[in-house]
Amino acid sequence: GNSNLLATLKLKSNLALKMGGEPLRLRGGRSLTECQIGAPSSWAGLNIGPKARRLRRLRSKAIPGKKVVCRWVIDCSRPVADRTLDIADLQNYLSQHIKVQAKTNNLGKTKASAAPRVLLYSEPNHRIIVQAYLPISKQYVKFLIKKYLEARGARDFIWCVATGKCTYQLRYYNFDDVQATAAAPPFEEGDEDEEED
């Protein structure tokens, strides 16, 4: 196991030293004498590839630009007209739960930029606009809407549908199909046998 691996690596390191070279170094720049295999170290848990490391660095240090990077529209006109959904409550929920740079309530301006990170506002025709100056995925916005509907107990009859490239619409489930299925006679095992004869 680990003890055999450590012994082999130490042997190779000692041979390299005897031949005038440098000792073998492990990931993170540590020599074999400094490191104990199996013990936690400063780079434990960071065993990610270069692409993931680069993306993590870019997302954590991203500065909002002057232009809008993405703009998502959430159309809530149907549930709001029926008074089953409060648009101000949804807007408040989104502003509290959108994570920017792995932090909630991080939508405002930064020291490096005068532009806000994410701007949320509602229009008179019952639409919420999520305007981001940093990249935010459309799927993440849908995830938050679904979480909101689940928290308010409306997920059973309202769902979120993508109606365009950058728009979502909150609709009711089609209960006519559900009622037609429920009214259909139940399937019984004896019916199948009669058809085969």
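Excluding I129 itself, what net charge comes from residues whose Cβ is under 12 Å from its Cβ, given Lys and Arg +1 and Asp and Glu -1?
0
Residues of segment 129-157 with amide nitrogen under 12 Å from the 7 Å Cα-to-Cβ point of C70?
130-144
Using a 1.4 Å probe and counting only protein heavy atoms, arrange Y140, Y168 so the residue with the most accessible area comes first. Numbers along the way, then the final one.
Details: Y140 55, Y168 10 Å².
The ordering from most to least exposed comes out as Y140, Y168.
Using 0.36 nm per residue, how much length does the chain from Y173 to R155 gain when fully extended, once their Cα-Cα distance is taken away? Intermediate values should be presented prior to the final figure.
Details: separation 18, 0.36 × 18 = 6.48 nm, distance 0.98 nm.
That pair, Y173 and R155, stretches by 5.5 nm at full extension.
So between K165 and N106, what do we pick up on full extension, going 0.36 nm a residue minus the alpha carbon distance? Present the calculation step by step, with values, prior to reporting the outcome.
Details: separation 59, 0.36 × 59 = 21.24 nm, distance 2.59 nm.
That pair, K165 and N106, stretches by 18.7 nm at full extension.
For segment 97-175, compute the orientation-averaged projected area of the C-alpha convex hull (one quarter of its surface), in nm².
Details: hull surface 25.9 nm².
Approximately 6.5 nm², given one-decimal rounding.
The values are calculated or read from the model by the stated rules, or taken from the named source; none is laboratory data. Computed from a predicted structure; not experimentally measured. Positions of Cβ are backbone-derived with ideal geometry, glycine not excepted, and every protein chain shown enters the neighbour counts. Just the protein is used for accessible areas: all its heavy atoms, side chains included, with ligands, DNA and RNA removed. Shrake-Rupley method; radii C 1.70, N 1.55, O 1.52, S 1.80 Å.
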